[in-house]
């Protein structure tokens, strides 16, 4: 019990003092996860929108596949991307392994299905009367799609927030593709794992506090936007 | 003549929901579309509004044959507007809801403002212009939906049970609005209803639908048909059925 209390107190002091190493780790986490979320959103939102809005053969099967990808373990993605970017992989010459770029690639793959499926759910929930109303007022296909997209905006933002929450807390991809290099690819989760291995809990707990704080903030945002979808 | 329809059928699966050999709708008139639930009233309105194609049949709109392809229908939808039974407003302000159709038609901002004010005045909702549309009551929503449709100055207004979900006060207001726009702007109106009082007070012509067919003068199963015949309220379109 003393260990926990001592670690917690030391961690709080570390957070309060804005320890430079800790700040650098948090910055790497936010940067990598932020870029991954932007890339995944740019691909996942339009893709999810098209899947939800259009009718085509195999649509249900595609949605089932996307749902299956939600459960993809981070280590599987790590292995998969490693096979492509390691020295012997087809992208080996690009020297991506153990860089932030490699982490971004892996994390983007991780959350792409999350953003796509949540976008599909958000669009599918939109009352069909919006589409019909836009059409009867003379809107063309693109204008009608934009109306539906606009009505689903809070659900789509919620999808992006969920994805960010998922990616900032993942450890497998960051460890396998980033390599946990200090000041370069060390993220909150990989640093926590390392500190735990070293038996030094202070920084791990401090990072844990920050991660929990971020998660809390992300959840608050998610519930705010989810609530807005019910207006 | 606005619509000239012949041999129209609409089939869902193996169920024929509409089977109309002939229907003509005159310009500037108000048509009441009556019939029991499931008679095909909304389906007919959707077809008249170019929102869904018939299974078979020919439709002429203002003497031009209608082709049910998206590029052909969109210009037609700019002149025929439908207000649903439970209209939905976009989750923005009342002003922006009405502005939507005007923006699509690329009407300049100054002109848009004037039209929006005029439309809201017509339905008595001017002071709601900046109100969030999704916070309005059922009656207010219905009135704003009518204002949104009127703002685009349609040739034909299709209303699916425009007063079914509103209180008595709003019912009177909506009926008066429909009468007024028909009188002033000569907009052709087709509305569905179950309310025989509305039929007698508002419409020039009456169409009865039963199991997808337009009823004849003998009006099988329509006790109202005989009453309307006696009062001379049956329109010329009935003779086409």
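No value in this document is a laboratory result; all are computed from the given coordinates. It should be emphasised that the depicted structure is a prediction, and the values quoted were computed from it without experimental measurement. No Cβ is skipped: glycine too gets one built from the backbone with ideal geometry, and neighbour counts run over all protein chains shown.
Summary of computed values
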{"read-out": "Structure-based [θ]222 nm, chain B - -39500 (n - 2.57) summed over DSSP H runs of at least 4, per residue, nearest 500", "value": "-11000 deg cm²/dmol"}
{"read-out": "Translational diffusion coefficient (Stokes-Einstein; Kirkwood radius from C-alpha pairs) of the protein assembly as shown at 37 °C, 0.692 mPa s, in µm²/s", "value": "125 µm²/s"}
{"read-out": "Euclidean distance of C-alpha centroids, the range B:91-115 and the range A:48-65, integer Å", "value": "34 Å"}
{"read-out": "Choice from B:158, B:178, B:63 with maximal GNM fluctuation in chain B (Cα, 10 Å cutoff)", "value": "B:63"}
{"read-out": "Rounded to 10°, Cα long-axis angle of helix A:20-53 versus longest principal axis of chain A", "value": "20 degrees"}
{"read-out": "Sequence-separation-based contact order of chain B, relative, with Cα cut under 8 Å and 6+ spacing, percent", "value": "29 percent"}
{"read-out": "Folded to 0 to 90 degrees: helix A:141-151 orientation relative to chain A principal axis, Cα", "value": "50 degrees"}
{"read-out": "Chain A: angle of helix A:59-69 to the longest principal axis, Cα-based, in degrees nearest 10", "value": "10 degrees"}
{"read-out": "Inter-site label distance for residue B:92 and residue B:135 at 7 Å from Cα along Cβ, in nm", "value": "1.8 nm"}
{"read-out": "Evaluated at q = 0.16, 0.21 Å⁻¹: base-10 log I(q)/I(0), Debye formula over Cα of the range A:23-185", "value": "-0.89, -1.24"}
{"read-out": "The range A:57-179, relative contact order in percent, only Cα pairs under 8 angstrom and at least six apart counted", "value": "37 percent"}
{"read-out": "Nitroxide proxy distance, nm - points 7 Å out along Cα→Cβ at residue A:56 and residue A:72", "value": "1.9 nm"}
{"read-out": "Centre separation in Å (Cα based) which lies between the range B:26-58 and the range B:183-202", "value": "14 Å"}
{"read-out": "Residue-span extension gain [residue B:12 to residue B:79] - 0.36 nm each, minus C-alpha spacing", "value": "21.4 nm"}
